[in-house]
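Inspection log for the structure reproduced underneath, given as structure tokens.
The values are calculated or read from the model by the stated rules, or taken from the named source; none is laboratory data. Bear in mind that the values here come from a model prediction, so they are computed numbers and not experimental data. Here Cβ is always computed from backbone atoms with ideal geometry, including for glycine, and neighbour counts include all displayed protein chains.
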Amino acid sequence: MGSLRLAAIGLVPLLVASASVFTLDAREVAVVTSFGAPVRTILEPGLYVRAPWPLHEVVRFDARARVLEVAPTELLTADKKNLVVEAFAIWRVADPQRFLEAVGSPEAAEAQLGDLVTSRVAAAIGKVELQDVLTIDATTGDLLPGAVRTDVAGTAAERFGVEVLDVRLRHVGLPLQNEQSIYERMRAERLRIANAYRSEGEEQATTIRAKADREAAEILANAEREAAFVDAKAASDAARRYAEAYRADPALYELLGALDSYDKVIDADTVLVLSSDAGFFDALDRGPP
């Protein structure tokens, strides 16, 4: 019995020592409290000493970054149009003592941080018109100016002891009851623009056709004028050559003309009835000179 009592007494210091030592890994931060009141903040991993429970208690928090997905919220734009906005924030515990005193748990922190993000996003959306939202390029544009993130980060650090790494919009859409009417207005606007383009195109086509018709008429008139000039010149050349041939040998010219007339008038079945003084065949009587 004496040896057991001695062993038990020897274990007490070991139990007290083990209860007074704790470790903190790289993923955690902690606050040492005394009956609920913070007495020390620990930010670095390692081995630490504390008073045994219930004098001291270690409250641990995960120091890794978290993603808070804010519930979809219907907001108003500057021109009083409704938008459904889904935002998200990336945050982590930065000041464990303030975090413990202000919210106490990650769940409570996300609830209050979500309200903060929603209010700041609503203020930013309220300064933008719907048309501007619809024309923002998702790859290059951003509805949230940098001041919104700075405001959220500063307020969250001061109130909750958390560091907000980023705030962004995951989705921006239209309320279901407004989608159809907005789509109809957009379709009507696009149709108006298309009709304007068609009207401009038809006007340009009419101008081009009129110009082409005018140029075609000018080309045809020039061609007819040149053709008439060529015909007149050819007729003049022919008349000149006929005159020269006649002057060279009038008798031969008359004989050839008569033979040409005979060829046109007389064939194998032709029967001519002529008076004796008709003179139709006088050229044959004369013969060549």
Unique match (being closer than 30 Å to V58 by Cβ, modelled with pLDDT of 80 or more, out of contact with any helix residue (DSSP H, G or I) (no Cβ under 9 Å at 6 or more places or on another chain) and among the acidic types (D, E)) among E107, E163: E107
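Residues are listed down the side, and each one gets a yes or a no for (1) surrounded by 11 or more Cβ atoms within 10 Å (Cβ to Cβ); (2) at pLDDT 70 or above; (3) not in a helix (DSSP H, G or I):
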| position | (1), (2), (3) |
| --- | --- |
| A216 | no, yes, no |
| I219 | no, yes, no |
| L252 | yes, no, no |
| G257 | yes, yes, no |
| D260 | no, yes, no |
| L274 | no, no, yes |
| G279 | no, no, yes |
| L284 | yes, no, no |
Qualifying position, being farther than 30 Å from L134 by Cα, in a helix (DSSP H, G or I) and modelled with pLDDT of 80 or more, among R187, R192, R209, R247: R209
Flag for L75 being touching a residue at least 12 places away in the same chain (Cβ under 8 Å), under 30 Å from V39 (Cα atoms) and of a type outside the set (D, E, K, R): no
Hits in segment 79-100 - residues which are acidic (D, E) and closer than 14 Å to A30 by Cβ: D95
Qualifying helices (runs of 4 or more DSSP H) (wholly inside segment 34-137; at least 1 residues being under 25 Å from the mean Cα position of the chain (by Cα) and surrounded by 15 or more Cβ atoms within 10 Å (Cβ to Cβ)): 106-125, 130-134
Any hit, segment 7-17, residues being assigned to a strand (DSSP E or B) and at pLDDT below 90: no
Condition check for L191: surrounded by 13 or more Cβ atoms within 10 Å (Cβ to Cβ) and not assigned by TED's automatic domain parsing to the domain that holds V31: no
Residues of segment 35-65 satisfying the condition of being farther than 23 Å from V162 by Cα and either of a type outside the set (K, R) or modelled with pLDDT of 95 or more (or both): F35, L47, Y48, V49, A51, P52, W53, P54, L55, H56
